[in-house]
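Visitor: Below: one structure in structure tokens.
The values are calculated or read from the model by the stated rules, or taken from the named source; none is laboratory data. All figures in this text were calculated on a predicted structure; none of them were measured in a lab. Heads up, the Cβs are rebuilt from the backbone with ideal geometry, glycines too, and the neighbour counts pull from every protein chain shown. The area values use the complete protein model at the heavy-atom level, side chains included, leaving out ligands, DNA and RNA. Shrake-Rupley method; radii C 1.70, N 1.55, O 1.52, S 1.80 Å.
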Amino acid sequence: MFIKIALFILSLFLLSCNTKNGVSTDSDLQLSVKASDISLQDLKEKSHTFHNSSKQIAILFGYNFNAPEIYTPLVAHLEQKFGAASDNALIVPILYPEDLKRGGHIRVSALTEILQQYSLSGIILLGAPEFTHNSIALLKQSYSGKMPYPVFSFFPQDDLLGTEFISDFVLEDAKAIFQKEGDLEQNDTHLAINSEALLDATINYIRLTKESASSSKDLLLQVQSIIGDQGKISFYTDPETGLQSINHFLLY
């Protein structure tokens, strides 16, 4: 019953989002990511509406989400709406590769160190770079193999089997997958993702929902509630084995 109420609240929330276009080109995926149409000055002039929080949600901004024109206004929006961990509030933004550099070199393993500094209620991975799953797996080991909070992975560039292992769910752009497999031409249009609406819905979902999905069908409905009207969700089926994943989905 609680999950149904949460899904209903989220469906109402998603109807209120407005955006404009903006594209990051940091990987071969070429996912079209929409940034907010609100200016940084407008955000600064708005009064903060967030409350202090003893728990945080960490968000890794990887490929297609780390370009300045996407990352900067998006983080400003999130911190205005939900508050930054530095202000004893909710959001912990982690920018790849800048925040993972140690001694001038990118160390994805540094992600584990960053995450261990906070009392988390969830992790959101956006365009996760290679070896991200190793960092989360190491964190998972510190909890005796069972994460006490959800890990959601959107449009990863990391190893998929590893990403499935460390995530509650994995979501990919169906057209990008089919293009990799040669079923689409290179100039076919990819999905345009409203990044602000995606994160707002995901963060609110983590805050509202305190129990995990009891079945893969329920998980499908939960992921669809987060995506809202941005597309339709279906299970990923491995083209070689024909096996359907229980937590890996495609967005059409």
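Visitor: Taking the stated definitions as given, is residue 68 over 22 Å from residue 140 (Cβ atoms) and either open to solvent by 10 Å² or more (accessible area, probe 1.4 Å) or more than 15 Å from the chain's Cα centre (by Cα) (or both)?
Guide: yes
Visitor: Within the range 93-102, how many residues turn out to be open to solvent by 70 Å² or more (accessible area, probe 1.4 Å) and assigned to a strand (DSSP E or B)?
Guide: 2
Visitor: Further question on the same structure: Would you check if residue 225 is of a type in the set (Gly, Ala, Ser) and in contact (Cβ under 8 Å) with a residue 40 or more places away in the chain?
Guide: yes
For every residue, the table says whether it meets (1) under 17 Å from the mean Cα position of the chain (by Cα); (2) buried (at least 18 other Cβ atoms within 10 Å of the Cβ); (3) of a type in the set (A, V, I, L, M).
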site	(1), (2), (3)
82	yes, yes, no
88	no, no, no
91	yes, yes, yes
104	no, no, no
111	yes, yes, yes
119	no, no, no
123	yes, yes, yes
133	yes, yes, no
138	no, no, yes
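Visitor: Something else: crowded, with 19+ Cβ neighbours inside 10 Å and at pLDDT 95 or above, is that true of residue 154?
Guide: Judged against the criteria, residue 154 is a match.
Visitor: Can you pull out every residue in the range 165-216 that is surrounded by fewer than 18 Cβ atoms within 10 Å (Cβ to Cβ), modelled with pLDDT of 85 or more and under 15 Å from residue 154 (Cα atoms)?
Guide: Selection gives 165 alone.
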